[in-house]
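First the structure, in the form of structure tokens, and then the observations on it.
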Amino acid sequence: MPADDNATMAALARAAGGPDWIGALERSCGRALRSHDGIAAFRIDNSGVAFLPSFPLQAALLDDGIVDAPLRFLLSADFIVGVALVRLGRYAIAVYEGRRLAVSKTDTRYVKSRHHAGGTSQRRFQRVRENQIHRLYVEAAGVLERQWRPWLDRLDYVALGGEAATINGFVKECATLTRLAPITLQRRLDVREPNRAVLDQVVPMLYQCRAYPLRWDD
């Protein structure tokens, strides 16, 4: 960031290891600023604010003056987002048109808990459990394909959530998610129980924008 009195915007920093001004922002904020979706930062005199947006910033610039159009667009936009939430034994599939839940399907499928015995019994149990997990993935993938079909060509983003290992395994098993990888958000939704009630809480998760105050002593 330039150390002058001009208002400055740093519109985009994808992942870690970007331009030098990211380090300057972090020193001014007193904390790490990491976002796969970019950082929008504004400075006036020795004060400022950094925004970590909810969706990827489609701009990259460093300018003198308040250039806030990219951030304003994200904050006001209504995107079409496909959401898949998966944990062992339960899944929730949905599509949101802006803040409106357009379609959803939730269901459960039994998956045995982990077995701690050894020997042949352990191996047999593990095979049964892996088969149950596979059937969960297949069922959820089928629901996703059917529920998302009318929106597949119009989805702006895909958001995933649930248990990390389970959702990672599901992505590998779901051909639709593989095709949609380029528009899949890297951040994961923090969801403990994928059910109908939690789908009403997803919109604030999708559209939250974090803001951090900045201060320069130069």
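The values are calculated or read from the model by the stated rules, or taken from the named source; none is laboratory data. Only a predicted model underlies this, so the values are computations on that prediction, with no experimental measurement involved. Note: ideal-geometry Cβ built from the backbone for every residue, glycine included; neighbour counts use all protein chains shown.
May I ask you to verify whether VAL158 is in contact with a Lys or Arg (Cβ under 7 Å, 6 or more places away or on another chain) and either more than 27 Å from ALA77 (Cα to Cα) or in contact (Cβ under 8 Å) with a residue 40 or more places away in the chain (or both)? No; evaluated as a whole, the condition is false for this residue. Among the residues making up segment 180-218, those that are surrounded by 14 or more Cβ atoms within 10 Å (Cβ to Cβ) and part of a loop (DSSP other than H, G, I, E, B) are LEU180, VAL191, PRO194, ASN195, CYS209, TRP216. Tallying residues that are basic (Lys, Arg) and touching a strand residue (DSSP E or B) at 6+ places or on another chain (Cβ under 8 Å) within segment 163-182 yields 0.
In the list LEU160, LEU177, LEU136, which residue meets the criterion of being under 19 Å from LEU206 (Cα atoms) and assigned to a helix (DSSP H, G or I)?
Numbers: LEU160 fails: assigned to a helix (DSSP H, G or I); LEU136 fails: under 19 Å from LEU206 (Cα atoms).
Checking each option against the conditions leaves just LEU177.
Looking at GLN132, GLN147, which is the one that is polar (S, T, N, Q), in contact with a Phe, Trp or Tyr (Cβ under 7 Å, 6 or more places away or on another chain) and not assigned by TED's automatic domain parsing to the domain that holds LEU52? Can you show your working first?
Details: GLN147 fails: in contact with a Phe, Trp or Tyr (Cβ under 7 Å, 6 or more places away or on another chain).
Within the list GLN132, GLN147, the selection yields GLN132.
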